[in-house]
Amino acid sequence: MPVFNVFIKILRKHGSVTLLYLSIYVLLVVFFVMADENGGSAADMFQDKALALHITDEDQSSVSLALTDYLASIHDVSTQTVERGEILDGLYYRTLNYVLTIPDGFEASLLAHDAEGLLTFAALPGTSSELYVNRQISLYLDTLRRFLDCGYSLSESLERTGDALASLPDAETVSFCSANALSGGLLEPFFRYQPYILISVLICGLTPVLITLNGTRIRTRTACSPFPAGRHTLALLGGSLFYGLGLFLICMLLCFLFSPEGIRQPVVWQALLNSFVFLLFSAVLAVLVSLLITDSNVLNMVANSIGLVMSFLCGVFVPQSLLPDAVLRAGRFLPAYWYIHATDLLAGRGDEVYDAGSYWTCIGIQLLFAAALSVVTFAASCRRRKGS
Amino acid sequence: MTQPIIQIESLVKRYRDLIALDHFQLSVEEGEIFGLLGPNGSGKTTTIHCILSLLAYDKGTIRVFGQEMRPDSYELKRQIGVVTQEVAVIDELTVYENIDYFCGLYIRDKKLRRQYVEEAVRFVELDEFQKFYPKKLSGGLLRRLNIACGIAHKPRLIFLDEPTVAVDPQSRNRILEGIQELNRQGATIVYTSHYMEEVEQLCTRIAIMDKGRLLAAGTTEELKRMIKKSEIISIDILDLQPEQLAAIRSLRHVYEASFDGHCLKILCSGGTHNLLHVLEYLQAEGLSFGRTYSELPSLNDVFLEITGKELRD
């Protein structure tokens, strides 16, 4: 056990780096969740809201009055005649959100199917009010036209349009992901940022130990002793496994600390499995780095370069749905892409609906990456041994 | 007759087209301090690596303690200590932890190991630095730590590959005394160095090798007897005529004489009292002379004459 014991001893001396990364990670997760909570969820941000509308009805027809009534059922509508300057002041000071003018002859034009572009409106540019009210006006007029086209009289069509729009079913956002999705709370950012953290922690924590004990001088000295080379390699593998499993255990503990009820949720266990597979890949990467780099002082730079490139290409920091196609195409050749894809599936984010097949595909691809990297690492190890 | 502790016969080692060891022969007896001398690239380290089975060789046999040395000869390796030319210690461990780790590769018994490690610390006089990390040690102290790591397990056979490179004179003397002490305690030592005076002072037998071949082996005196030069005479003279120089060349045992304007240098081969003959001639010629030196050939002269080059060429 001398090699394993000294592995643990050296690991302890580099323990501060691991602790530092994990502490920053926990703080970041908490910070992002707090920032997210202040911003509100997507459902909270997009809710029906009554706006301040001013309608100038020059037509005073049954259609214009019905449209005014419909809009008044949703918004705070004023119809008094006011000066143009007063309207502009209202828009500027946000006491008015939208100003609609229904021109004279609007009803006749509508019946003649020639009302396109007749309505004029004003709203503050860059606000959602314009889109929001326009969509409601279009909905009303399109519905009315359909009833007219069906042969109903104008009064009947207005009545039916009013009824139809009043009885619209309440819309509800439905997520197709599994019932216990990771979204919301600390778990989603906790799992999302793991690729960067795992790569950094493993390269800065494990690689220096391997560089030290696998260095040519120490290897040569060990080869002179009665300690078999195979046992030396096994001790290093055992030490790496110990470190990897220890790190995973800490991740699990943090996960259940952030979400104590997660222990009963299958989706959390699926996310943990996803993390474990990515950890395998990162551990093999750390071993490969230890074979290619002999100076421990550059490891921070290497860890940051690999971690940041992988994170930005694969959607760790920026959601995959916001990344350009070209970036995603490149990201597919990196395991972090499939890790994030699986996390998105579990969290109900992104464009794809969760299904077990897709999840296991992501896990399988990550395992393939780990296996391929293991082969490269083995080849590098053989080459290095032959060289020395 | 006792069996040699190391016996190498017709050892051949090739690196593709380069022949690193060309039918190399060597025999080291138990209790010796055996010096291996040779210029860079002569095959010294290759020889040691082959003996330790760190390198596979193409032809020949290597026997250590009378047994064939193989990579899995762990019982033989248990009795061997190696002090590498480059300091091979772990920067993250203290002096004590380093010695304990390397000793632990040989000695499993914790109590015995502790005793050995403490003895090794005392032996290299690093008692005050036990809790220091290698980066805090000076070059000399680091070399001593390197030695302690190689000898803590009390091996019967120790390979010391240039252990005094880049070491201050004080530390060097301590290291050399330590090596002699190890030898007195019963260890056989194979020593390689660039420093001729060290080898001359330390080694009981020396082998000179070049281009992978053994050129000569023996005690210092035996080696000195192998060369033509037996005495070097230097005399400060103000003026010397060419005919006088020719006359000196014709003196008995003188095989070379040169005058550079103020110093007459004479090389003699064999014979005794050569200086007396030269001084008699100078006196007879009425030549006044100053400082006079007579030196016996050094190991460096032996090396130069045998290999045709300086050790550091």
| task | Output the residues belonging to segment B:1-42 that are farther than 25 Å from residue B:308 by Cα and part of a loop (DSSP other than H, G, I, E, B). | result | B:1, B:2, B:3, B:4, B:5, B:16, B:29, B:30, B:31, B:32
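Condition check ((1) in a strand (DSSP E or B); (2) within 8 Å of chain A (Cβ to nearest Cβ); (3) in contact (Cβ under 8 Å) with a residue 40 or more places away in the chain; (4) within 23 Å of the chain's Cα centre (by Cα)) across all residues:
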site	(1), (2), (3), (4)
B:49	no, no, no, yes
B:56	no, no, no, no
B:62	yes, no, yes, yes
B:70	no, no, no, no
B:75	no, yes, no, no
B:82	yes, yes, yes, yes
B:87	no, yes, yes, yes
B:90	no, yes, yes, no
| query | Taking segment A:115-140, which residues are at pLDDT below 90, outside any loop (DSSP other than H, G, I, E, B) and either aliphatic (A, V, I, L, M) or not assigned by TED's automatic domain parsing to the domain that holds residue A:69 (or both)? | reply | A:122, A:123, A:131, A:133
| message | Can you go through B:203, B:149 and tell me which one is hydrophobic (A, V, I, L, M, F, W, C) and over 19 Å from the mean Cα position of the chain (by Cα)? | response | B:149
| request: Give the residues of segment A:259-274 that are crowded, with 19+ Cβ neighbours inside 10 Å and touching a Ser or Thr at 6+ places or on another chain (Cβ under 9 Å), sorted by residue number. | output: A:267, A:268, A:270, A:271, A:274
| message | Please return the ranges of helices (runs of 4 or more DSSP H) entirely within segment A:194-264 where 3 or more residues are over 30 Å from residue B:160 (Cα atoms) and within 13 Å of chain B (Cβ to nearest Cβ). | response | none
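Condition check ((1) under 14 Å from residue B:216 (Cα atoms); (2) surrounded by 14 or more Cβ atoms within 10 Å (Cβ to Cβ); (3) assigned by TED's automatic domain parsing to the domain that holds residue B:58) across all residues:
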| position | (1), (2), (3) |
| --- | --- |
| B:10 | no, no, yes |
| B:13 | no, yes, yes |
| B:16 | no, no, yes |
| B:21 | no, yes, yes |
| B:25 | yes, yes, yes |
| B:28 | yes, yes, yes |
| B:33 | no, yes, yes |
| B:38 | yes, yes, yes |
| field | Positions within segment B:103-116 being at the interface with chain A (Cβ under 7 Å from one of its Cβ atoms) and out of contact with any strand residue (DSSP E or B) (no Cβ under 9 Å at 6 or more places or on another chain), in sequence order | value | B:104, B:105
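The values are calculated or read from the model by the stated rules, or taken from the named source; none is laboratory data. These numbers come from a predicted model, not from an experiment. Note: ideal-geometry Cβ built from the backbone for every residue, glycine included; neighbour counts use all protein chains shown.
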